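These notes are about the structure you will find just below.
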Amino acid sequence: MTPRSEIEARFAEAQPRLNAHRRQLVQAILESPGETFFLSSRQLAHRYQVDPATIVRTIQALGYERFADFAAELRQHFVSRLTPYTIMEASARVRGTVADQVTHVLERDRENLDTLRSALDMPKIVDLAKRIHQSKKIVIVGVDLAFTLSSFLAYGLLGFDAEAPAGSSGNLYHKIRTLTNRDLVIGISFGRCLKDTVDALVRARERGVPTFGITDSETTPVGRHTDDCVCVSIASTAFAGSYVAPMALFNAILVTCAHIKPKRSLALLRQSEAEYRSSPRWYDESADLNRIPPPRSVRTRRAGTRRATDRA
């Protein structure tokens, strides 16, 4: 069973103080959070054909001082109801061909990138890059699908002691408990956020370790339990979500880290220049020619020649 959201808990506690009309209004809002969490109080009033003052008084009866607080928790209520099934179910109800579905996914990816490009807080990215340079050790926590993101970021942090630990919550705990205030923990999770990721961030803060979050809202558990965070959308009609914008964000972080101290970056890259030019790690087709079987026509001719020789 999905746990009751904060806004549902407030609604249950406030019901005795609400008249029938206000109870119906709140119930209608909670039943369609995906269509209401982004609306202003005036837009919400227009949708439900009530006076804006009614909206304000109703959310105050729920215990909110500001409409912005109500809207943030309404969004969390919406996110808490999202599952791969509900996303796939919603997209399956949309009429159109398979090609239409693919086009829609790609358009949403582009929207996420456009939003990142227009809203990215560059001073915050620069501050993060400086913090990375100052850190003795960097632990990047991403669980399940987000592990692909954490491992990419750790691999790309050239010349830093950066690690993206995999495995159980116990393994994460062992990694976190060795850190100090000279280190950095970066947590990556979205929506409701995974427990192991949030627990790692909470433990790090308890130890005085600086923390930074990559998430999709400042109101998510990762946003609330880190010293600072940057938000990037993974919204998509694809049931696994979209990591296009987070990957672009990580490229921005890596470029910022490299260009804050370009001489350092060049010195590190110079060390691997010879390997990039002549290392055996790269595929060399000429070295494999003797191991590649000849085309079928050549093998057939060779077999025919051997049979003729045997008969002779």
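Read-outs: derived from the displayed coordinates by stated rules, not from any lab. Since the structure is predicted, the reported quantities are computational estimates derived from the model, not experimental observations. Using ideal geometry, Cβ is built from the backbone for each residue, glycine included, and neighbour counts are taken over all protein chains shown.
Below, the figures for the structure above:
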read-out: Positive-pole candidate from Ser32, Val56, Asn251, dipole of the chain, charges at beta carbon; value: Asn251
read-out: Among Arg192, Arg22, Arg270: highest mean-square fluctuation, GNM of the chain, C-alpha pairs under 10 Å; value: Arg270
read-out: Cα centroid separation - region 263-278 against region 1-43, whole Å; value: 58 Å
read-out: Length-normalised contact order for the chain - Cα pairs under 8 Å, 6+ apart - percent; value: 15 percent
read-out: Rounded to the nearest 20 debye, dipole of the chain from Cβ charges on Lys, Arg, Asp, Glu; value: 1140 debye
read-out: Global geometry of region 20-71, whether rounded, prolate or oblate, following the gyration tensor of its Cα atoms and the 1.5 cut on a/c; value: rounded
read-out: In degrees, nearest ten, helix 195-206 long axis to first principal axis of the chain (Cα); value: 80 degrees
read-out: Ascending count of other beta-carbon atoms within 10 Å, so fewest first, for Phe190, Phe160; value: Phe160, Phe190
read-out: Degrees between helix 244-260 axis and first principal axis of the chain (Cα, 0 to 90, nearest 10); value: 70 degrees
read-out: Dipole of the chain [Lys/Arg +1, Asp/Glu -1 at C-beta], most positive-end residue of Ser189, Ala9, Gln43; value: Ser189
read-out: Full-extension gain in nm, Arg270 to Arg117, via 0.36 nm per residue minus C-alpha separation; value: 52.0 nm
read-out: Positive dipole terminus of the chain, leading residue within Ile125, Ser168, Asn19 (C-beta point charges); value: Ser168
read-out: Cα shape, region 116-271, gyration tensor, a/c 1.5 rule; value: oblate
read-out: Residue pairs, from the table Lys124/Lys261; Lys137/Lys175; Lys124/Lys195; Lys136/Lys195; Lys124/Lys175, whose Cα atoms sit over 19 Å apart; value: Lys124/Lys195; Lys136/Lys195; Lys124/Lys175
read-out: Label-point separation, Phe239 to Arg47 (7 Å along Cα→Cβ), nm; value: 2.6 nm
read-out: Cα centroid of region 47-68 to Cα centroid of region 203-231, whole Å; value: 30 Å
read-out: Among Val143, Val244, Val98: highest mean-square fluctuation, GNM of the chain, C-alpha pairs under 10 Å; value: Val98
read-out: Helix-derived mean residue ellipticity, 222 nm - over the chain, DSSP H n ≥ 4, -39500 (n - 2.57), to 500; value: -17500 deg cm²/dmol
read-out: Alpha-carbon centroids, region 109-172 and region 181-197: separation in whole Å; value: 10 Å
read-out: Among Arg57, Arg93, Arg108: highest mean-square fluctuation, GNM of the chain, C-alpha pairs under 10 Å; value: Arg93
